[in-house]
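This report refers to the structure that appears directly beneath it.
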Amino acid sequence: MGVSVDGYIADRDGGFGWSAPSDEQFAFHIEEIRGLGGCLLGRRLYETMVVWETDPSLRDSDATTEFAELWSALPKVVFSRTLDRVEGNARLAEGSLADEAAHMLAATDKDIEVGGATLASAAIDLGLVGELRMFRHPVVVGGGTPFLPPVARAIDLELLETRTFGTGVVFERYRVAQDA
């Protein structure tokens, strides 16, 4: 997810235009998608991303075509209380988050991604998250949708990787430390 320096994935108005990826970041996203075996998505993120499966006008370059093909092939489970159907290579969740995560993990030998602030919060609360990955953008938005939920106890993290892009965006990858 893209996150502001002050920890938000969307500003007070729900906007996230400041997090649009550069060409360099977009190429990085393509490589990240290659390593996934599936995605568990909240409704809002699903609605943001479904255009990659349904809008052929987005396939206007080699990079966007490649991303759209990879994203379209990726199995997705959508968690929503309001949708009664989804499009593309997605299905509505039928079980709990823990059950759907276990089912998806059993179907692949790759990582699965949890996307969407509310869904990710629930996954963190359930102890289902093994890594946190973020693209920290050089902007302060002053409020909005937080990247991380309030937690009942501290979650220790181990920094695994950083990468700074030409735009000043910093990719950060952390492993959730295991209790001893």
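Things to note:
- When you filter the trypsin sites (Lys or Arg not before Pro) in the stretch 18-90 for DSSP loop state and at most 12 other Cβ atoms inside 10 Å of their Cβ, you are left with Arg81, Arg85.
- Computed [θ] at 222 nm, deg cm²/dmol, the chain (DSSP H ≥ 4; -39,500 (n - 2.57); rounded to nearest 500): -8500 deg cm²/dmol
- Cα shape, the chain, gyration tensor, a/c 1.5 rule: rounded
- Rounded to the nearest 5, the antiparallel percentage of DSSP beta bridges internal to the chain is 50%.
- Other residues lying with their Cβ under 12 Å from the Cβ of Leu105 contribute a combined charge of -4, Lys and Arg counting +1, Asp and Glu -1.
- Only Cα pairs under 8 Å and 6+ residues apart enter the sum, and on that basis the relative contact order of the stretch 19-136 stands at 32 percent.
- For the pair the stretch 62-113 / the stretch 129-149, the C-alpha centres are spaced 22 Å from each other.
- Here the stretch 94-143 is treated with +1 on each Lys and Arg Cβ and -1 on each Asp and Glu Cβ, and its dipole about the Cα centre works out to around 340 debye.
- Placing +1 on each Lys and Arg Cβ and -1 on each Asp and Glu Cβ, with no other charges, gives the stretch 2-176 a dipole about its Cα centre of roughly 420 debye.
A short reminder: the numbers here are calculations on the coordinates, not readings from a lab. Because the structure is predicted, anything quoted here is derived from the model rather than measured. Counting neighbours? That spans all protein chains shown, and the Cβs are built from the backbone with ideal geometry, glycine included.
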